Amino acid sequence: MADIVERFAVNPILRPADIPPSHPELEVACVLNPGAFRYGDRIGLLLRVAERPRQEPGWIATPVVDEAGRTQVLRFRKDDPKLSATDARVFSYDGTGYLTTLSHLRLAWSDDGERFGVEPTPAIAAGGPLDRFGVEDCRVTLIDGTYYLTFTSVSDAGVAVGMARTTDWKTFTRDGLILPPHNKDCALLDRKIGGRYFLIHRPSGIEIGGNDIWLAGSPDLHHWGDHRCLLRCRPGKWDGRRIGVNSPPIETERGWLMLYHGADARHRYCLGAALLDRDEPWRVLARTAEPYMEPTAAYELQGFFGNVVFSNGHVRDGDRLTLYYGASDEFVCGATTSIRQILDQLK
Ligand code: MAN
């Protein structure tokens, strides 16, 4: 399957310069990986805004949140032999891992789905010991009138899944962590099946196992069990190293269309799809051999971390699917595609 999506002509729709920083000492380095939803007549995005202090030559400076909830800047000399920094996203010092930026989640609103106005302050920000390094990559699932937000919470204790909920996009109830480290890329199914909720998530194995997609069920959205491994990485292929669900799976008459991202050994991120049984979502009916979207546009090839298309938000209009996605971890973009066309590849 070739790349079958139609990118917005106006891409990127949001760039770092469009986002006011949340703190006078920080600049916005990246705006990426938005959750997406409809609220009334508008389309909302829950952007990931990644910030850091202005970088001075010879130094790496990164913000973290301290025990009192204040943003504090850590500085490391680049020639310090204890520093190892080869990836734009992460580095380590004396064996401890850090992120190069601190992310929060920010709302943006649009009437036409292309031009977005960004709120001046964060909706969900780091503030506790389990998200000292930030909150990232939110999936938004609407269940019975409540929007559930599932996002990555990063701290020195690891990468985990946090949840919050809202009904009005003004007040948010934080549910803490629903899945412990190491876990991310979590989205809920938008209705109960057989009296149970379901979520898709991505635990990581270090020596045995990998970065595969799993499913869990729950009676109450808090206690998760009946764990099953749904999709595994396919070594040597475009989704050989890590995979993770995109936005919440889409119910169709043929089953749940689960869009996912896959990365290969060279950290190239593409999008593919799988089909889950409608009544028994732990049964995988089909999976695309090739991606339906690959990084090809200039803004997808080059940026903060190039060669990346990463989607965790969509809105649906009948057969038409609008994907919102992060391009090269620096910009927010949009593309449209047809659900039928993706399903046709899942025979
Ligand atoms: C990880 C996460 C994402 C990011 C990709 C590509 O999966 O950190 O937020 O977009 O890597 O860098």
Note on the chain: alpha-carbon gyration tensor, axes a ≥ b ≥ c; rule is a/c under 1.5 for rounded, else prolate if a/b larger than b/c, else oblate; result rounded
Rounded, prolate or oblate for the stretch 52-129? Axes are the square roots of the Cα gyration tensor eigenvalues, ordered a ≥ b ≥ c, and the cut-off for rounded is a/c under 1.5.
prolate
Estimated [θ] at 222 nm from DSSP helical runs (n ≥ 4, -39500 (n - 2.57)) normalised by residues in the chain, nearest 500
-500 deg cm²/dmol
Looks like the stretch 203-273, by Cα gyration tensor root eigenvalues a ≥ b ≥ c and the a/c under 1.5 rounded cutoff (else prolate when a/b is bigger than b/c, oblate otherwise), is oblate
Using θ = phi - 60° and Karplus 6.51 cos²θ - 1.76 cosθ + 1.60, couplings along the stretch 40-49 (whole Hz; Gly, Pro as x)
x, 8, 10, 9, x, 10, 10, 6, 9, 10
When only Cα pairs under 8 Å and 6 or more residues apart are kept, what is the percent relative contact order across the chain?
17 percent
Taking only C-alpha pairs under 8 Å that are 6+ residues apart, what is the relative contact order of the stretch 277-347 in percent?
25 percent
Please rank HIS314, HIS222, fewest neighbouring Cβ atoms within 10 Å first, as an exposure proxy.
HIS222, HIS314
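Can you put VAL284, VAL73, VAL332 in order, fewest other beta carbons within 10 Å first?
VAL73, VAL284, VAL332
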Assertion target for CYS229, CYS138, ordered by fewest C-beta neighbours within 10 angstrom first, is CYS229, CYS138
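Bear in mind these aren't lab numbers, they're just calculated from the coordinates by the rules spelled out. Small disclaimer: the values here were computed from a predicted structure and weren't measured. Quick reminder, even Gly has a Cβ in these numbers, built from the backbone with ideal geometry, and neighbours come from all protein chains shown.
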